[in-house]
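A short worksheet on the structure shown next.
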Amino acid sequence: MYSYQDRIKYSEVDANLDLTYFGLVNYMQNCSCFHSDDVGVGVYYLAPKRLGWFVTSYEIHIKRLPRYSEKVKVCTWPYQVRGMMAHRLYSIETEDGEVLVYADSLWVLMDLDKLKPSRFTEEIAKAYPEDASLPQFDLNHNKLRLSADIEKVGEFTVTDRYLDTNNHMNNSHYIDVTRYYLPEQSFNTININYKKAALLDDKLDVYIGKIEQGYQVVLKKEDEVYTIVEYK
């Protein structure tokens, strides 16, 4: 298990002083990056090799959103790190150990020039040993399916402000974009399936549909689905 301590900042909260979903995903993403950096296979290791981690899915469970000025511990556990893919569990906890948020995710190592999966280097394979302390969170692992009942509600263009070091739209921005189209903002679970990476100047259409217990938001380019996000 890898962890770091932090404090929720004013720039990361909404009008109710709760951490935004955008900020929530960034805390988990930062924990992954810090972990990889500290075991020697982070951004500075990957960039010269033209390699990068692409997330393919998140399953996020929210018991309570952290609030402004609250001190938190962000934890991650990599598991099933094999071949070209790896899972990561996350939790965000209070100073007293109360789990506020937990999540699972699936990542693939990509060749940034060929935009194809790349097998792990020896250093990467050794950096993430199996962790005996892996927590047993209550997870669904449901595969998201495109709803037949969605309607177009907007569109946007991917500008350079959305890009990360992999030169695609960073995974946290999909949350930031899609949440603005929701008729309500308070949810217990967020499930995300990233199907295709959005690149600079891509023009994406936003669709939304009502599903059982929540909403499905879909980003598409013409008829190709880029991302499905379900809020419940």
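Some values worked out for this structure:
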quantity	calculated
Per-residue ³J(HN,Hα) for the stretch 29-42, Karplus 6.51 cos²θ - 1.76 cosθ + 1.60, θ = phi - 60°, Hz, x for Gly and Pro	4, 4, 4, 4, 5, 4, 4, 4, 4, 6, 9, x, 10, x
Structure-derived Cα extents along the principal axes in Å - corresponding label in [x] 49, 39, 34; [y] 52, 34, 30; [z] 46, 46, 31	[z]
Per-residue [θ]222 nm for the chain (sum of -39500 (n - 2.57) over DSSP H runs n ≥ 4, rounded to 500)	-4500 deg cm²/dmol
Euclidean distance between Cα centres, the stretch 198-232 to the stretch 143-166, Å	5 Å
Quotient of Cα Rg and 2.2 N^0.38 Å for the stretch 151-231, N being how many residues it contains	1.04
Among 112-119, 15-22, 178-185, the order from most to least packed when residues are scored by Cβ within 10 Å on average	15-22, 178-185, 112-119
Distance between the stretch 76-136 and the stretch 20-50 - C-alpha centres, whole angstrom	11 Å
Neighbour-limited loop hits for trypsin sites (Lys or Arg not before Pro), the stretch 133-178 (at most 16 other Cβ within 10 Å; DSSP other than H, G, I, E, B)	143, 145
Cross-link pairs beyond the 30 Å C-alpha cut-off, checked among 116/220; 116/221; 63/114; 71/232	63/114
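Every number here is computed from the coordinates shown, using simple stated rules; none is lab data. Computed from a predicted structure; not experimentally measured. So basically every Cβ, Gly included, is an ideal-geometry build from the backbone, and we count neighbours across all protein chains shown.
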